[in-house]
1. Kindly provide the GluC sites (Glu not before Pro) of region 37-87 that DSSP labels as loop, not H, G, I, E or B, and whose Cβ sees at most 15 other Cβ atoms within 10 Å.
2. Could you tell me which of rounded, prolate or oblate describes region 204-279, using a ≥ b ≥ c as the square roots of the eigenvalues of the alpha-carbon gyration tensor, with rounded for a/c under 1.5 and, failing that, prolate when a/b is larger than b/c and oblate otherwise?
3. Under the 0.36 nm per residue contour assumption, what length would be gained going from the current alpha-carbon distance of ARG42 and GLU8 to full extension?
4. Restricting to bridges with both residues inside the chain, how much of the DSSP beta-bridge set is antiparallel, in percent to the nearest 5?
5. What are the chymotrypsin sites (Phe, Trp or Tyr not before Pro) within region 32-111 that DSSP puts in a loop, where the Cβ has at most 12 other Cβ atoms within 10 Å?
6. Determine Rg/Rh for region 41-111; Rg is computed over alpha-carbon atoms and Rh is the Kirkwood hydrodynamic estimate from the same atoms.
7. Work out, in µm²/s and without decimals, the Stokes-Einstein translational diffusion coefficient of region 101-245 at 10 °C, 1.306 mPa s, Rh from Kirkwood over C-alpha pairs.
8. Give the accessible area for GLU97 in Å² (nearest 10); use a 1.4 Å probe, count only protein heavy atoms, and leave out ligands, DNA and RNA.
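The values are calculated or read from the model by the stated rules, or taken from the named source; none is laboratory data. All values derive from a computational prediction rather than experimental measurement. For neighbour counting, all protein chains shown are included, and Cβ atoms are generated from backbone atoms with ideal geometry for every residue, glycine included. To get the accessible areas, we keep the full protein, side chains included, count just its heavy atoms, and leave off ligands, DNA and RNA. Shrake-Rupley method; radii C 1.70, N 1.55, O 1.52, S 1.80 Å.
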Amino acid sequence: MKIISSIEELRDQLRGQLRTAFVPTMGNLHEGHLSLMRLARRHGDPVVASIFVNRLQFGPNEDFDKYPRTFQDDVKKLEKEGVYVLFAPTEKDMYPEPQEYRVRPPDGLGNTLEGEFRPGFFEGVCTVVTKLFSCVQPRVAVFGKKDYQQLMIVRNMARQFALPTEIIGAETFRAEDGLALSSRNGYLSDTERAEAPALFQSLNQVAGEMRAGHRDPLALEHGAMEGLAARGWKPDYISIRKRIDLQAPTSADLERGEPLVVLAAAKLGSTRLIDNLEI
């Protein structure tokens with residue numbers, strides 16, 4: 001595996017490649033990330049991964065400086081997966097001058113759910129993904145469904161800008177107890193880790209009620225948030241939305257069986273976890 005930090009060297013290395021499959025990451029890789037590499041291989045060749053902790057998507061009170069960086073371990077894992085190139089730019093490589101040009105998603109999609117609680121987050125994501133796509137020029141790129149809203153925003157962005165990159169969504173990789181794998185799980189204490197699957201259990205309960213014909217999403221959302229709060233969580237949201245645009249479903253949407261997804265974000269101790277489940 002070649003490890004490259006320079007954009008120009010990366011372009012030289014990939015010149016002439018027409019089927020590149022790309023998996024962007026921020027490192028601290030776990031089995032969920034590695035499953036994305038395997039999916040990428042089924043859709044293209046060579047497989048290129050990136051590791052870059054993107055400052056633009058961290059708010060002023062978020063964990064940019066303490067975000068876990070495990071580069072040497074990450075390299076070993078990617079080598080075992082047969083990744084062809086690891087693009088690992090420094091901040092100076094990616095942002096040699098202040099990144100004054102930004103890509104901002106539409107307010108209706110970018111300022112709801114995660115965007116409401118993390119202002120500017122999706123602008124940072126869209127900006128760095130656009131730049132990474134420019135560097136790698138992949139035919140396909142793989143993103144995990146755990147970050148459901150991010151996947152939708154990137155997919156819509158690629159479509160509206162007519163980018164020559166197909167966005168592939170990978171199913172959420174879970175531990176045996178249902179907890180979605182996340183780099184931030186490493187912040188959990190043993191006690192918190194034992195409690196963490198309750199978030200997915202809440203989503204399953206909400207989804208089950210909706211599948212059984214419940215027609216009051218707000219009541220379900222409120223009840224699920226109260227249930228988590230009673231267990232010591234601090235929920236930001238549990239929200240039932242339409243898959244197509246992440247807007248709240250109307251009565252008419254529910255009557256005609258519009259495909260839905262329930263999304264959640266909640267703090268357990270000092271660790272903020274997100275998850276979702278399609279209905």
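1. Details: sites: GLU62, GLU79, GLU81; in loops: GLU62, GLU81.
Filter output for region 37-87: GLU62.
2. Working: a/c = 2.56, a/b = 1.84, b/c = 1.39.
It comes out prolate by the Cα gyration axes.
3. In short, 9.5 nm is gained.
4. Numbers: 17 of 35 bridges.
Roughly 50 percent of the beta bridges in the chain run antiparallel, per DSSP.
5. For chymotrypsin sites (Phe, Trp or Tyr not before Pro) across region 32-111 that sit outside H, G, I, E and B with at most 12 neighbouring Cβ atoms in 10 Å, the list reads TYR101.
6. Value, to two decimals: 1.04.
7. Details: Rh = 17.2 Å.
After rounding, the answer is 92 µm²/s.
8. 130 Å²
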